[in-house]
Amino acid sequence: MPRSPSPETAASDQRPSLTRLSGFLPRAEDETAAWERYADEHTDLDGWPYDQDAFDRRMAARDAALWRLFSPVRDEAAHLLDTADAMIDQLAGKSVQTRWVWQLDQLRGALERIDAAQTAFTDWQDTYPHMSDELVHRARAAREKRAWEGLNDWITHGRAVLEIHATALRAGRPGIRRPLPAPAAVHSSVTAQGPRL
């Protein structure tokens, strides 16, 4: 049975993927913050939109933007989570935040929902290969809306992967404090519906 990589080796192997994740987080946070501002300004005190059609179009634009932002991370997200799990197992107990295991579980469940949205879209394309551009656009929008909650979970908890990586790197090479610029803390949790590429 092959030995697990040391925290230092695992950390260096993850650098490109972590760079993409650290790029996704602040841009996705900005997108969701812009959505929240829009929602606050375009709904009444009971939360009903002044113009439902315009509201739905803006929500779909948010979903599409988040899907595009997450797209470079999606294919390697499962590997990032597996590596983070392995790093937690190898770190000394005092270095591990108790919330990390829970956050990784949240991210794994979120990734499954995002992948399910993509699978449904791909299956639809395979079943109906000659659909009009309008129907393809609607199917993409449905995929992105279905993926919204999972993407929002990655925005909320994705920073834990970077924290685990930084802690593992410090454990393997004490002189290195932070391998990547950490994104700003999540602006706020989003309460809406959502995206997927």
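The values are calculated or read from the model by the stated rules, or taken from the named source; none is laboratory data. These figures come from a predicted structure and were not determined experimentally. Because the Cβ atoms are built from the backbone with ideal geometry, glycine has one as well, and the counts that use them run over all protein chains shown. To get the accessible areas, we keep the full protein, side chains included, count just its heavy atoms, and leave off ligands, DNA and RNA. Shrake-Rupley method; radii C 1.70, N 1.55, O 1.52, S 1.80 Å.
Numbers for the structure displayed
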item: Residue list for the range 121-153, restricted to those being in a helix (DSSP H, G or I), out of contact with any Asp or Glu (no Cβ under 6 Å at 6 or more places or on another chain) and among the aromatic types (Phe, Trp, Tyr); result: 121, 124
item: The range 95-120, residues that are of a type outside the set (Ser, Thr, Tyr), open to solvent by 40 Å² or more (accessible area, probe 1.4 Å), part of a helix (DSSP H, G or I) and under 17 Å from residue 159 (Cβ atoms); result: 99, 101, 102, 105, 106, 108
item: Hits in the range 95-122 - residues which are over 20 Å from residue 15 (Cα atoms) and more than 15 Å from the chain's Cα centre (by Cα); result: 95, 96, 97, 98, 99, 101, 102, 119, 120, 121, 122
item: Residue 92, sole failed condition from (1) loosely packed, with under 15 Cβ neighbours inside 10 Å; (2) under 15 Å from the mean Cα position of the chain (by Cα); (3) modelled with pLDDT under 95; result: (2)
item: Test: residue in the range 62-79 that is among the aromatic types (Phe, Trp, Tyr), at pLDDT 95 or above, buried (at least 17 other Cβ atoms within 10 Å of the Cβ) and farther than 14 Å from residue 161 by Cβ; result: yes
item: Residue among 122, 43 that alone is among the polar types (S, T, N, Q), touching a strand residue (DSSP E or B) at 6+ places or on another chain (Cβ under 8 Å) and over 22 Å from residue 162 (Cα atoms); result: 43
item: Residue ID - least open to solvent (accessible area, probe 1.4 Å), chosen from residues in the range 80-89 that are of a type in the set (Asp, Glu) and closer than 30 Å to residue 144 by Cβ; result: 85
item: Residue in the range 121-139 that is surrounded by 13 or more Cβ atoms within 10 Å (Cβ to Cβ) and in contact with a Phe, Trp or Tyr (Cβ under 7 Å, 6 or more places away or on another chain) present; result: yes
item: The range 13-31 residues that are closer than 17 Å to residue 61 by Cα and modelled with pLDDT of 95 or more, paired with ones that are open to solvent by 40 Å² or more (accessible area, probe 1.4 Å) and not in a helix (DSSP H, G or I) (beta carbon under 8 Å, 6 or more apart); result: 29/184; 29/186; 29/187; 30/187
item: Tabulated pairs, the range 43-57, first more than 19 Å from residue 145 (Cβ to Cβ) and free of Cβ contacts under 8 Å to residues at least 24 places away in the same chain, second open to solvent by less than 60 Å² (accessible area, probe 1.4 Å) and in a loop (DSSP other than H, G, I, E, B), C-beta under 8 angstrom, 6+ apart or interchain; result: 50/44
item: Residue in the range 114-135 that is closer than 20 Å to residue 27 by Cα and not basic (Lys, Arg) present; result: yes
item: Any hit, the range 107-123, residues being among the hydroxyl-bearing types (Ser, Thr, Tyr), in contact with a Leu (Cβ under 9 Å, 6 or more places away or on another chain) and at pLDDT 95 or above; result: no
item: Pairs with Cβ under 9 Å, 6+ apart, first in the range 100-111 and touching a residue at least 12 places away in the same chain (Cβ under 8 Å) and farther than 8 Å from residue 150 by Cα, second polar (S, T, N, Q) and surrounded by fewer than 18 Cβ atoms within 10 Å (Cβ to Cβ); result: 103/97
